[in-house]
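Presented below is the structure to which this report refers.
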Amino acid sequence: MPFSHDMVYSLATVVDLINTSPAAGGEEGLRSVEDLRAFVGRRVISDVEDLDSRDLSEVRELRDAFHEVFTAPDRDTAVSLLNTLLGRTRITPSLAEHDGFSLHVHYFAPGASLAEHLAADCGVALAHVLVEDERERLRTCAAPDCSHVFVDESRNRSRVYCDSRTCGNRMHVAAYRARRRA
Ligand SMILES: [Zn+2]
Ligand SMILES: [Zn+2]
């Protein structure tokens with residue numbers, strides 16, 4: 001992918017966030033502030049103050065907005081949705097090095113809430129995907145009972161399942177069984 005390591009990292013964060021949504025995963029992955037803290041922990045999101053129920057509802061709302069960008073039917077819709085999102089986000093680029101990550105750019109403004117933080121960093125990463133005309137890499141899993149999103153990082157843009165260890169395998173086994181029955 002023609003993206004820098006911090007862009008790739010932010011894209012993985014937005015994928016993780018969207019996949020906590022009932023619309024993408026079937027189950028609510030952010031049921032509580034505790035779930036939100038776990039998300040912050042596994043994505044190593046820096047500069048996060050104490051989280052409360054307001055953060056939870058803001059992040060859930062943002063998650064839906066990102067999901068719409070991800071699954072927009074065409075480029076212009078994606079651009080317009082993302083511009084709306086970025087338009088209401090304070091953005092202040094700065095260089096940072098923390099938690100063992102090499103030098104990278106933060107886009108969130110000082111004192112940003114968690115939702116603002118994610119809107120800035122993940123929003124800018126998605127903007128780069130659109131600028132590089134790589135929108136087709138933003139995918140939804142092709143398995144019939146799965147709606148997870150993922151970023152296809154394969155060279156020939158051929159990935160169709162969210163996670164080859166689960167959905168990919170499951171589909172291969174199903175295809176194998178179908179062939180044996182035939
Ligand atoms: Zn950082
Ligand atoms: Zn899947």
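Here are some notes:
- Options 46, 94, 102: the member that is at pLDDT 95 or above and more than 14 Å from residue 17 (Cβ to Cβ): 94
- Selection count where residues are in a helix (DSSP H, G or I) and either closer than 15 Å to residue 61 by Cβ or among the polar types (S, T, N, Q) (or both), scope segment 12-23: 6
- Number of residues in segment 11-47 that are in contact (Cβ under 8 Å) with a residue 60 or more places away in the chain and open to solvent by less than 50 Å² (accessible area, probe 1.4 Å) equals 14.
- Here 127, 143, 115 are screened, and the one residue that is buried (at least 17 other Cβ atoms within 10 Å of the Cβ) and not in a helix (DSSP H, G or I) is 143.
- Beta carbons closer than 6 Å, at least 6 apart along the sequence or on distinct chains, pair a first residue in segment 70-93 that is closer than 12 Å to residue 127 by Cβ with a second that is of a type in the set (Val, Ile, Thr) for 78/69; 81/69; 82/69.
The values are calculated or read from the model by the stated rules, or taken from the named source; none is laboratory data. Being a predicted model, the structure only gives us computed values, none of them experimental. Cβ coordinates were reconstructed from backbone atoms using ideal geometry, including for glycine residues, and neighbour counts include every protein chain displayed. Heads up: the accessible areas ignore ligands, DNA and RNA and are worked out on the full protein's heavy atoms, side chains in. Shrake-Rupley method; radii C 1.70, N 1.55, O 1.52, S 1.80 Å.
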